[in-house]
Structures are given as structure tokens and as C-alpha cells.
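**Q** Have a look at the structure that comes next, please.
The values are calculated or read from the model by the stated rules, or taken from the named source; none is laboratory data. In this text, all values refer to a predicted model and were calculated from it rather than measured experimentally. Ideal geometry is used to build each Cβ from the backbone, glycine not excepted, and the neighbour counts take in all protein chains shown. When the accessible area is computed, the model is the full protein with side chains, heavy atoms only, and any ligands, DNA or RNA have been set aside. Shrake-Rupley method; radii C 1.70, N 1.55, O 1.52, S 1.80 Å.
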Amino acid sequence: MEHKETLPPAILLMGPTASGKTAAALWLAERFPVELVSVDSAQVFRDMDIGTAKPDAATQQAFPHHLIDLISPEESYSAARFRADALAVMAKITARGRIPLLVGGTMLYYKALLEGLAELPQANPEIRAEIDALAAAHGWPAVHAELARVDPATAARLHSTDAQRLQRALEIYRLAGRPMSELLAAGESQKPPYAFLPLGLLPADRSVLHGRIAQRFDAMLHAGLEDEVSRLRRKYSLSLDLPSMRCVGYRQVWEAQDGIAPRAEMRDRGIYATRQLAKRQITWLANTLKPEIFDCLAPKLGDRLGQRIAREFFGGSFSAGGFQGKI
RNA sequence: GGCCAGGUAGCUCAGUUGGUAGAGCAGCGGACUGAAAAUCCGCGUGUCGGCAGUUCGAUUCUGCCCCUGGCCA
């Protein structure tokens, strides 16, 4: 068992969408020897810039972000791939004598990084198509019934309408020949060799966050989100059920463009979807990840975060907007 | 000013042949292992516009009033 002091530091900056994570991360990046690692399931897509609130080119130039623009919007990413990518890039950053500052709002990715994932088979398009066909013919409750035959434990904890999880559980059984419940039980928690400092950004008042979400979605619309979706659809072969086009904002613009939902409702729907995302992220923070929470609207937030980081990793020598000392 | 149609949950509406009401959306809470910005689950007390009248009982019937929209002047 290694001692905490022997482990290299890593900072985790978690928060719901529109809580000011990026601004805080940039502030810290100006003052600490850190490199930014994105923890964001949407910013991995190339050419999806406006709707994912990706840092602009100048910002990326000044402060390189890792794990952004990794794949085409036609492709899928995953929590498992994130964990592998993050650990690889964290090792490089650490080897350079710098500190990984992970920042983003994809809470499952943080969990996967911190606790590891069981050894499960990768997603398989053919098997998924088979299960989709079964569901189309007989309904998801029939898939649930089938799962109950081969993996009663997993079937018991899944609702018969939870299409995504039912599909995954049955996929695992068909690929591995063993039930998901068994494979999960076999995997033990694998904590990576870092001294993690999990920090959370939350507004004291939810309504403040809602205000910021509306403001930011309007800004995205003004910045040309609709054009961005049009360009994506021209350049790539996309559909509404791809992970990239299920992202908040992109989905609502697409639905308006194709008349699936009234254009007049597009803005509201985008804002609602963003709020609901924020709510899910907050639930993760409160119930699972439990970082040290900082009010994202508090005065001198940067100083507070800086002091906390300095106390943890630099012997408490952060003050007046700068830090002294070495790692 | 007259006629008609409405005024029911934050919004859009349904409904009650008289026994004080329910959907969608929003909101709130929760779950979460290779799609997670995903997927799914749970939560519905609101002077049924106001005041009277009829009635054992009115959101429902009647009258008057107020408000909104449309048509006619």
C-alpha cells in the first residue's frame, strides 16, 4: 500500500453544466503548473464546437485541453475508453512534472476513472441490432423477460422500459456467455495511483443556474448553433439516434429542422434539456462523487480553489493570486 | 354597446349527466459499469375567475359581475 505523499497529485473539477467550470479551470491554469484534461462526453466530437461550449481556438492555444476532438460525430466514445485515455494522458502530464487538472461534467467518467470498470465485453453493433429487432417485434418488456431467464439479478434491478440498459445487459450475456451481474461482482475497485483532490462547483441557488443556462443557450443560438448542425449533417452521415446527435442542443435543433418538434419550441426545449442534464449531474455530485463543494458564485472563487489546492499539494503557500513552491 | 366562445395545476388543455378534478409539458426527487449531454423510475391540494341563488351538497345548474379572444355595430 502506497502512502498518499508518494502519489502524484491530480485535481478533479466537477460541476453541472453552466456552473463556470471552464472559467475556474483557466484561472487555475494561469497560476498552477497544471494541464487541462476534459471530462466531457460531448467535447470528444470533432466539429461540435458551439453546442458543446468547447473552449475557443485561442484558449486552446494558450491552455491545451486533452481529450477534446477525439472522434467523428459518426463514432461512439465510452466510459471505458475515457478511463484508458485519461490515465494515459495523466501519466504523460505527471512525467512532465505537471499536475493533471481534470475538468468537465460527465460524472460517469469520473466514477469510471476513480473506481475502475469491471471486465465487460465491448459494445457490439451486430448484437445490438439483433436486440433492437427483438424489441421492435415484441417490445422491450419481452427483452426484459429474456434477460430475466439468463440474468435474473440484473433483470430485477432494471425497469422493463429501460431500453438502453436492458440492451446492454443482454448484449453482455450473449457476448460473454455469463450474466452481467456475475461479471460486475467479480470486478474489484481499482483506484488509479494518484492523490486525487475532488472539487465541486455548485450554485447556492438552483434558479441562478437556470438563469445562466438560458443565457448560455441563447448565446449558442446567436453564435450559430443551427448552422453548426446543418454543417455537421452535410459533412457527416448522421442520424438522430447517434450519441453525438443526442447531445443537448443538437437534438433539439435537429428536431426543429426536420419538423419533428415545432420550431417555435426549439429554444425552450433546448433549455429544458440543459436544466434536466444539470439536475442529473447534481444528483451524481450529491449522492455518488461527493466532492468538496464550492459555491460557484462566491466572491474570489479562484482564490478559494487556489488555497485549497495549495494546502493539499504545495504546503499552503498560495496567496495573492500566485503560488510558490514546487510539487 | 350587442352577440358568440372561453376563464380549471407554473404553461397548454381534458373532465365532472351535481358528490370538491387529471393528462402532456415544466418543476422537484432518485437510479446509473463500454451510448451517460444517454437511458429510465417516482412525485399532482389546484380559492376549477368573483359574488349570490337553487340544493343535503355547486367547479358542474341559474343570475349578475369581472377578464380574454372573435364577430357585429
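**Q** What full-extension length gain, to one decimal in nm, is calculated for A:Ala84 and A:Ala219 as 0.36 nm per residue of separation minus the Cα-Cα distance?
**A** On the way: separation 135, 0.36 × 135 = 48.60 nm, distance 3.40 nm.
That pair, A:Ala84 and A:Ala219, stretches by 45.2 nm at full extension.
**Q** Count the DSSP beta bridges whose two residues both fall in chain A, then state the antiparallel fraction as a percent rounded to the nearest 5.
**A** So the antiparallel bridges in chain A amount to around 10 percent.
**Q** Report the label-to-label distance for A:Arg96 and A:Arg234 in nanometres (one decimal), using points 7 Å from each Cα along the Cα→Cβ vector.
**A** 3.6
**Q** I've got another one for you. Which percent of the accessible heavy-atom area of chain A goes to carbon and sulfur, probe 1.4 angstrom? Walk me through the intermediate numbers first.
**A** On the way: 8310 of 16290 Å².
The C+S portion of the solvent-accessible surface of chain A is 51 percent.
**Q** Return one number: the angle in degrees, 0 to 90 and rounded to the nearest 10, between the long axis of the Cα atoms of helix A:206-222 and the longest principal axis of the Cα atoms of chain A.
**A** Between the helix axis and the principal axis of chain A, the angle is about 80 degrees.
**Q** Sticking with this structure for a sec: If the label point is 7 Å along Cα→Cβ of A:Asp56, which residues in segment A:6-23 have backbone nitrogen under 20 Å from it?
**A** A:18-23
**Q** A further question follows. Taking 22 Å as R0, compute the FRET efficiency from the Cβ-Cβ separation of A:Glu265 and A:Asp241 and round it to 0.05. Before the final figure, lay out each step's value.
**A** Working: r = 21 Å, r/R0 = 0.94.
Given R0 = 22 Å and the Cβ-Cβ separation, E is 0.60.
**Q** Between A:Glu182 and A:Thr161, 0.36 nm times their residue separation minus their Cα-Cα distance comes to what?
**A** Working: separation 21, 0.36 × 21 = 7.56 nm, distance 2.24 nm.
Stretched out fully, the A:Glu182 to A:Thr161 stretch lengthens by 5.3 nm.
**Q** Counting Lys and Arg as +1 and Asp and Glu as -1, what is the net charge of the other residues whose Cβ lies under 12 Å from the Cβ of A:Leu134? Intermediate results must be reported in sequence, preceding the final value.
**A** Numbers: positive: A:Arg128, A:Arg174; negative: A:Glu130, A:Asp132, A:Glu146, A:Glu171.
Around A:Leu134, the surrounding residues sum to -2.
**Q** What chymotrypsin sites (Phe, Trp or Tyr not before Pro) does segment A:81-129 have in DSSP loop regions with at most 14 other beta carbons within 10 Å? The partial results should precede the final answer.
**A** On the way: sites: A:Phe82, A:Tyr109, A:Tyr110; in loops: none.
Sparse-neighbourhood loop chymotrypsin sites (Phe, Trp or Tyr not before Pro): none present.
**Q** What is the projected area of the convex hull of the Cα atoms of chain A, averaged over all directions, in nm²?
**A** 18.4
**Q** Given A:Lys279/A:Lys300; A:Lys21/A:Lys290; A:Lys54/A:Lys191; A:Lys191/A:Lys290; A:Lys111/A:Lys279, which pairs have Cα atoms separated by over 20 Å?
**A** Working: A:Lys279/A:Lys300 25 Å; A:Lys21/A:Lys290 16 Å; A:Lys54/A:Lys191 29 Å; A:Lys191/A:Lys290 16 Å; A:Lys111/A:Lys279 17 Å.
Those over the limit are A:Lys279/A:Lys300; A:Lys54/A:Lys191.
**Q** Let me ask you something else. Please state the charge dipole magnitude for chain A, taken about the Cα centre, from unit charges on C-beta atoms (+1 on K and R, -1 on D and E), reported in debye and rounded to the nearest 20.
**A** Values: 40 positive and 37 negative charges, 145 e Å.
For this selection, approximately 700 debye.
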